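This report concerns only the one structure given below.
The values are calculated or read from the model by the stated rules, or taken from the named source; none is laboratory data. Owing to the predicted nature of the structure, the values given are computational and were not obtained by experimental measurement. Cβ placement follows ideal geometry from the backbone for every residue including glycine, while neighbour counts extend to all protein chains displayed.
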Amino acid sequence: MPAAPPYLSLRPLLPWRDMDRPLDWTRVFGRAAELVVELGCGNGELLARRAAAEADRDFVGIDLDWRSVRRALRRLARAGVDNVRLVASRAPLALHRLFAPGALSEIYSAFPCPWPNQRHLGRRLFAGDFLRLCANRLALGAPLWIVSDEASYLDWVQTQVAGSGLELAGRGGAPKLDTKYERKWRGLGLAGFERLELVKRQHPEVPEPEERAMKFHWLDDCRPERLALTEEIGRRITVSFKDFIYDQRSHKGMLRTVAVEDGLKQGFWIEIGRDPDPGRPAWRVRLAPGCGVLPTAGVQRALDLARDAALATRGGRD
């Protein structure tokens, strides 16, 4: 018998890239309930504890790091809670794509990375634009709270609040959350934890992200085995073709692609192969089935560049 996977169950993990956005959370959870989001849920310790204690609410944990998500999945399975879902994503992307305005009753983050080095300030999460996005997704009067052991970080967050639709509701000593990070620091004699609480007072408008309909390409002729890997570096979009695997028997090639746009990095495969539909040109260039990418301008640019690369292979002698 194979060993049990380290996450025990994948059931709480949402395949959100393959779902209609924003998500219908009443359908996801099978009920209508208040929706709470934890940003940077880590190993899921606090998330599982809150979900068990607040069974009448539904919780969504967001974390980009797969190791954290895997540990959270294991903890949720052991806790036996079914009112939690996990999203593996960057927080701004998840809030933009998955939640409708006013959908959330609470957002919180326990010990977000303070990025203390001056050159890293741009990586801090709770900048003004992100606070406006949080306010847009929160219901009127709903809280956003942050716990940190870095007072200067909370000072900085307070400077970002103006114009966000949020206002300061309080700041002071934090209750014990009893997370792994907190226990570690308390064990070192560090106990200067503070909680900063903001409340939504106004509803700021935030432009909704555009969902593009991807345009695939059909070609009368190409020679995929001659395909050259290229890279295009632009001001907003960078596309890089990494590898190309071609099977001459099936007349199908897979082009490994990375597209970066406005800080969003997506890796996916583009398929260049014979089109089985006799009513169309012989070759097609499309996203490989199952990629689950966000349909952004960067992905479309990659498809266009792949078409151009395929066109460049036509003609000449073997």
Matching residues, segment 76-92, being assigned to a loop (DSSP other than H, G, I, E, B), under 14 Å from Phe29 (Cβ atoms) and not β-branched (Val, Ile, Thr) = Asp82, Asn83
Hits in segment 237-285 (condition: of a type in the set (D, E, K, R), at negative phi and surrounded by fewer than 18 Cβ atoms within 10 Å (Cβ to Cβ)) | Lys242, Asp243, Asp247, Arg249, Lys252, Arg256, Lys265, Glu271, Arg274, Asp275, Asp277, Arg280
Of all residues in segment 45-68, which are at pLDDT below 95 and either in a loop (DSSP other than H, G, I, E, B) or not charged (D, E, K, R) (or both)?
-> Leu64, Asp65, Trp66, Ser68
Quick one: would you say Asp20 is of a type outside the set (Val, Ile, Thr), farther than 18 Å from Phe111 by Cα, free of Cβ contacts under 8 Å to residues at least 24 places away in the same chain and in the same structural domain as Leu93 (by TED's automatic domain parsing)?
-> yes
For segment 111-128, indicate whether the set of residues that are at pLDDT 95 or above, crowded, with 21+ Cβ neighbours inside 10 Å and closer than 30 Å to Glu205 by Cα is non-empty.
-> yes
Within segment 225-243, identify whether any single residue is over 13 Å from Leu305 (Cα atoms), modelled with pLDDT under 95 and assigned to a helix (DSSP H, G or I), and answer yes or no.
-> yes
When segment 244-255 is examined, which residues are found to be of a type outside the set (Gly, Ala, Ser) and either part of a loop (DSSP other than H, G, I, E, B) or over 13 Å from Ala309 (Cβ atoms) (or both)?
-> Ile245, Asp247, Gln248, Arg249, His251, Lys252, Met254
In the set Tyr153, Tyr108, which member is under 13 Å from Arg195 (Cβ atoms), outside any strand (DSSP E or B) and among the hydroxyl-bearing types (Ser, Thr, Tyr)?
-> Tyr153
Condition test on Ala135, is it aliphatic (A, V, I, L, M) and either more than 19 Å from the chain's Cα centre (by Cα) or at pLDDT below 95 (or both)?
-> no
Log entry, pairs with first residue in segment 216-229 being in contact (Cβ under 8 Å) with a residue 24 or more places away in the chain, second being loosely packed, with under 15 Cβ neighbours inside 10 Å, beta carbons closer than 6 Å, six or more apart or on different chains, reads Trp218/Arg280; Trp218/Pro281; Leu219/Pro281; Asp220/Pro281; Asp221/Arg314; Cys222/Arg314
